[in-house]
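Novice: Input: one structure, supplied below.
Derivation of every value follows stated rules applied to the coordinates shown; laboratory data play no part. Keep in mind it's a predicted model, so treat the numbers as computed, not measured. Cβ: placed from backbone, ideal geometry, glycine included. Neighbour counts: every protein chain shown.
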Amino acid sequence: MSTVAESIVDALAQQGVTHIFGVVGDALNPLTDAIRRDGRIEWVGVRHEETAAFAAGAQAQLTGNLGVCAGTVGPGSIHLLNGLYDAKKSHAPVLAICGQVPTAELGSDYFQEVDNDALFRDVAEVATTITSVGQMPRALERTVNAAIARPGVAVLTIPGDIGGSKLPHGSAAPRFLPVAPTSIPGRVELRTTADALNGAKAVTLLVGIGARNARDEILQLAEQLSAPMLLTLKAKEGLEHDNPYQIGQTGLIGNPAAALALQTCDVLFMVGTDFPYSDFYPTGKTVIQLDAHGEHIGRRTDVDIALVGDSAAALRELRPLLDKQSSDGHLSHAQKEYQVWKDLQLRLADPAHDRKFLGRVRKHLDNPDELIRPEVVAAAIDRHADDDAIFTSDTGMSTVWLSRFVGMRGTRRLIGSFNLGSMANAMPQALGAQMLDRDRQVVAFCGDGGLMMLLGDLRTAVTYDLPVTLVVFDNGRLGMVKLEQEQGGLPEFGTVLDNPDIAAVAQAIGLEAHRVTKPEDLEAAVQQALASRKPVLLDVLTNPEEISVPPKPTVDQAWGFAIAKVKESLASRE
């Protein structure tokens, strides 16, 4: 006869769960003790529950399997929220197990009592509190199945006196959902789509992570239509390498070629993407959207033809209906523009850039202290990281540099807070990724602001001997906010960070750490860090004035930036 906690641990282990991330606490004691005695699931004790949720979400995104985190009564559960919202918006199947006050005290405003079902109502597909052993196993089935089916977040709350309670003899074992069957759009919709594509002179593809299992079909479609392909940031993984049709990203981290391909097409075909930035969609085009989630259709821009179904299956049905595009002018124009932009970017990634004529001129304007350009850092990591490395990235400028200078070749993987846009996600996600495979290289692109938010969990990497490589773009700024202020004509305010020597702090915590201040020292430092099989932090002092120019900068943005610089100059003289 098992307890409620034991039955949960057994069911999760059989589901393939290998880790549960959390912070122990009184209401979780029956659960953590069941984990200890069972032995199939490793309890990963983190220093902050937000780290636990990010780590569980990372595992769910990388494997497609259920990720699990836990927090105890009240504050412990509240701390999970940010990481759970990231999982929700990333469509990652995550179960959060939360402690609760004893059932007799529910509703009495007891010490640390929080109404978890209300607290998690927005973030969770299902939030359930077990108040009786009779609710098992259906309560567990309902929560886990909700996380798998959407996929998304589910929350199971267990009062401390329930977790250790015995289940009745002969209680059924939980049964979870199988993988959802593949769906295909209807024949009428496919025929309408083919007619629109066959009648177009210029088609542009906007491809997202929803097409990650349709690489062959996407490449064949682009070849057939002679269509340039814009990739969302999440779609870089699996679709960027060996792809002559891709021309980078659009949006805030985009490039002029992508903007051109959008503006000069007749038909925009969105495949597996819910790209959120409405301002970057073109107007006056025929728009086709293929997505497995019907609720995504038309959320960002007006859609003329809607296709609901699996990307690979749908494209296999669609392609025989399509003609071969007779002209490649639209594609070749976009490819040429993309190559010009790439060549300009590569100049900035050259470690010797500031020693060449144009570089010497530029550094007097934007890098008088001769700090390391962040483009150089990202490019060095790209050169030396393994072809099967997993990359994580903090929201902000570190994501810009990764998107532009790190190629997703081989079997590289990429995750970040690309839908929620949270700070402080890169390091916790790297911990979750590294727990899955200690022999696989995991590299986190950390902003200095983000890393300092959850600094305590550097020790988690040491405690569990996780050989993550944490690269800190240490520019002493909240860089993206600085850029936003200046583009709006505002002087920089509140973005300066008086950082300590982050490498020295990391060394005190127990990591191998190196501080890099000179461009000529960077290459060797990157190689050394990536070769280490211990937790290592690379603290690179980078130029805070480096500008990420939008793909089509407006006059207002340029004018705002000029005004901001004048204001900053005047303020510095006061």
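Novice: Looking at the chain, what % of its DSSP beta bridges pair antiparallel, to the nearest 5?
Specialist: 5
Novice: A further question follows. Enter the Cα centre distance for the pair region 251-329 and region 379-434, rounded to the nearest angstrom.
Specialist: 25
Novice: Follow-up. For labels at Asp498 and Ser108 in the simple 7 Å Cα→Cβ model, what's the distance in nm?
Specialist: Result: 4.8 nm between the two label points.
Novice: Assuming a viscosity of 1.306 mPa s and a temperature of 10 °C, what translational diffusion coefficient in µm² per second does Stokes-Einstein assign to region 420-525, Rh being the Kirkwood radius over Cα pairs?
Specialist: Stokes-Einstein gives a translational diffusion coefficient of 105 µm²/s.
Novice: Once the convex hull of the alpha carbons of region 83-138 is built, what does its volume come to per residue, in cubic angstrom?
Specialist: That works out to 91 Å³ per residue.
Novice: A follow-up question, please. Which residue, chosen from Gly57, Ala96, Leu81, occupies the Cα position most advanced towards the positive end of the dipole of region 4-163, where the dipole is computed from +1 (Lys, Arg) and -1 (Asp, Glu) charges on Cβ about the Cα centre?
Specialist: Result: Gly57.
Novice: Could you put Phe493, Phe54, Phe280 in order, starting from the residue whose Cβ has the fewest other Cβ atoms within 10 Å?
Specialist: The most exposed by this proxy come first: Phe493, Phe280, Phe54.
Novice: Could I ask something else about it? Using alpha-carbon pairs under 8 Å, 6+ residues apart, how would you state the relative contact order of the chain in percent?
Specialist: Computed value for the chain: 12 percent relative contact order.
Novice: Moving to a separate point now. For an R0 of 25 angstrom, estimate the FRET efficiency from the Cβ-Cβ distance between Asp439 and Val24 and round to the nearest 0.05.
Specialist: Computed FRET efficiency for Asp439 and Val24 comes out at 0.30.
Novice: Also, I was wondering about something else. Among Gly432, Gly45, Ala352, whose Cα projects farthest towards the positive end of the dipole of the chain, with charges put on the beta-carbon of Lys, Arg (+1) and Asp, Glu (-1)?
Specialist: Ala352
Novice: Is it possible to state the helix-based mean residue ellipticity at 222 nm for the chain, with each DSSP H run of 4+ residues giving -39500 (n - 2.57), the sum divided by total residues, to the nearest 500 deg cm²/dmol? What is it?
Specialist: It comes out at -12000 deg cm²/dmol, rounded to the nearest 500.
Novice: Could you pull the Rg and Dmax for region 4-163, using just the Cα atoms, both in Å?
Specialist: According to the Cα coordinates of region 4-163, Rg and Dmax are 13.7, 41 Å.
Novice: Ok, one more. Express the Stokes-Einstein translational diffusion coefficient of region 189-265 in µm² s⁻¹, to the nearest whole number, given a Kirkwood radius over alpha-carbon pairs, 25 °C and a viscosity of 0.890 mPa s.
Specialist: 192
Novice: Compute the projected area of the convex hull of the Cα atoms of region 1-69, averaged over all viewing directions, and report it in nm² to one decimal place.
Specialist: Projected area, direction-averaged: 4.4 nm².
Novice: Taking the simple approach of a point 7 Å from Cα along Cα-to-Cβ for both Ser327 and Asp386, what is their distance in nm?
Specialist: The modelled label-to-label distance comes out at 4.8 nm.
Novice: Please give the direction-averaged projected area of the C-alpha convex hull for the chain, in square nanometres with one decimal.
Specialist: Directional mean of the projected Cα hull area for the chain stands at 28.2 nm².
Novice: Arranged by the count of other C-beta atoms within 10 angstrom, fewest first, what order do His91, His330 take?
Specialist: Exposure proxy ranking, most exposed first: His91, His330.
Novice: Pairs Lys89/Lys482; Lys89/Lys342; Lys201/Lys342; Lys234/Lys518: which are spaced more than 28 Å apart, C-alpha to C-alpha?
Specialist: Checking Cα-Cα distances, Lys89/Lys342; Lys234/Lys518 exceed 28 Å.
Novice: Counting other beta carbons within 10 Å of each residue's own, what order do Asp323, Asp388, Asp474 fall into, fewest first?
Specialist: Fewest-to-most ranking of Asp323, Asp388, Asp474: Asp323, Asp388, Asp474.
Novice: While we're on this one: Using only the Cα atoms, what convex hull volume per residue in Å³ does region 187-338 have?
Specialist: 93
Novice: Under a 5 Å amide H to amide H cut-off, with H placed in plane at 1.01 Å, what residues pair with Val540 once short-range neighbours are removed?
Specialist: The list, which skips near neighbours in sequence, is Val472, Asp474, Val516.
Novice: Same structure again: FRET efficiency for Asn65 and Thr131, Cβ-Cβ distance as r, R0 = 41 Å, nearest 0.05?
Specialist: In this case the efficiency is close to 0.90.
Novice: A follow-up question, please. Quick one: length gained pulling Asp266 to Thr411 fully straight, 0.36 nm per residue minus the C-alpha distance?
Specialist: Gain on stretching Asp266 to Thr411: 48.8 nm.
Novice: I need the helices of the chain that pass two filters: whole DSSP H segments spanning 18 Å or more by Cα along the axis, and mean Kyte-Doolittle score no lower than -1.0.
Specialist: Qualifying helices, which must be both long enough and hydrophobic enough, are 49-63, 329-348, 519-531, 555-573.
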